[in-house]
1. Ordered by packing density, taken as the mean number of other Cβ atoms within 10 Å over each peptide's residues, highest first, how do 75-83, 118-126 rank?
2. Using only the Cα atoms of the stretch 162-228, what semi-axes does the equivalent ellipsoid have when each is the square root of 5 times a gyration tensor eigenvalue? Give whole Å, largest first.
3. Can you find, among Asn45, Thr62, Gly13, the residue sitting farthest towards the positive end of the charge dipole of the stretch 12-77, where Lys and Arg contribute +1 and Asp and Glu -1 at Cβ?
4. Give the dimensionless ratio obtained when the Cα radius of gyration of the chain is divided by 2.2 N^0.38 Å.
5. If you take every residue apart from Glu207 with its C-beta less than 12 Å away from the C-beta of Glu207, what net charge results, scoring Lys and Arg +1 and Asp and Glu -1?
6. Could you give the accessible area per residue of the chain, probe 1.4 Å, as a whole number in Å²?
7. Note down the net charge around Ile197, summing +1 for each Lys or Arg and -1 for each Asp or Glu among other residues with Cβ under 14 Å from its Cβ.
8. Suppose every K and R has +1 on its Cβ and every D and E has -1 on its Cβ; what is the size of the dipole of the chain about the Cα centre, in Debye to the nearest 20?
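The values are calculated or read from the model by the stated rules, or taken from the named source; none is laboratory data. Here the structure is a predicted model, which is why all the values come from computation and not from measurement. Please note: Cβ atoms are built from the backbone with ideal geometry, for glycine as well, and neighbour counts cover all protein chains shown. In case anyone asks, the SASA skips ligands and DNA or RNA and just uses the protein heavy atoms, side chains included. Shrake-Rupley method; radii C 1.70, N 1.55, O 1.52, S 1.80 Å.
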Amino acid sequence: IARAPGAMTFKKGHMSGSGSNATYNQKDDVLNIGESAKVVVTEANGKISFDGASGTALFDRTQDVLFLESTVHVVRNTQVIDADKVMARLSPNEDIITAMELRGNANVKGGNGPLDSMKADAIDLSYNEDGTLLQRVLLNKNASFSTAADEHASSRRMSGDVLEVSMAPDGTVAKIIGSGGVQLDMPAAGDGPPRTIRARSLDATGEPGRGLTAVRFRDDVVFQEDDK
């Protein structure tokens, strides 16, 4: 076991970073940074796929898992992630983020996908093999997300206790399941007024390249259309 009580930097494989008050257990191949942790993951082509800062960090190379805790801030391309705790799963070469679990005040903004922002007490993000596209998103408790505006529709907001979003291979939304009291907010479009739909649960389906094409609300459905 090596100990670095002062400022330190490290680099191994595709991961590098800095911090202070660190220990490295060679037998278990675990690096623990106790203060001011910063961790960067670089892909094989040299592109930075993960740039994270937090109070503490633990990197377990045998399990290909990175834990960040205490005011976590992560940048992934144009996506910005904030949470109290983050666990990131890496590929065997440790150059691709395959999944992330966000816990406590989880907030995700930006990115190239159809979801422009996400909030919940807990958010699970699963990516495709090269880590560039979301495959599945699970938002648990006080969950909400807003879709990115495009040429077909303006931004819409969906909220509920639990929201599960599945993506098509092209990155568009293929399916949404919501429960625990859900709400869909749709802004004014053309000459139409803003609309809100509430229900106990919903399920929605989409088509590749088109996104959502149908939404079904179930139990205690309330439709509200605001005056202009």
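1. 118-126, 75-83
2. Values: eigenvalues 101, 59, 12 Å².
Equivalent ellipsoid of the stretch 162-228: 22, 17, 8 Å, largest first.
3. It is Asn45, whose Cα lies furthest towards the positive end.
4. Here the Cα radius of gyration is 1.16 times the empirical estimate.
5. Working: positive: Lys175, Arg210; negative: Asp170.
Cβ neighbours under 12 Å give a net charge of +1.
6. Per-residue value: 53 Å².
7. For residues surrounding Ile197, the net value is +1.
8. Computed about the Cα centre, the dipole is about 360 debye.
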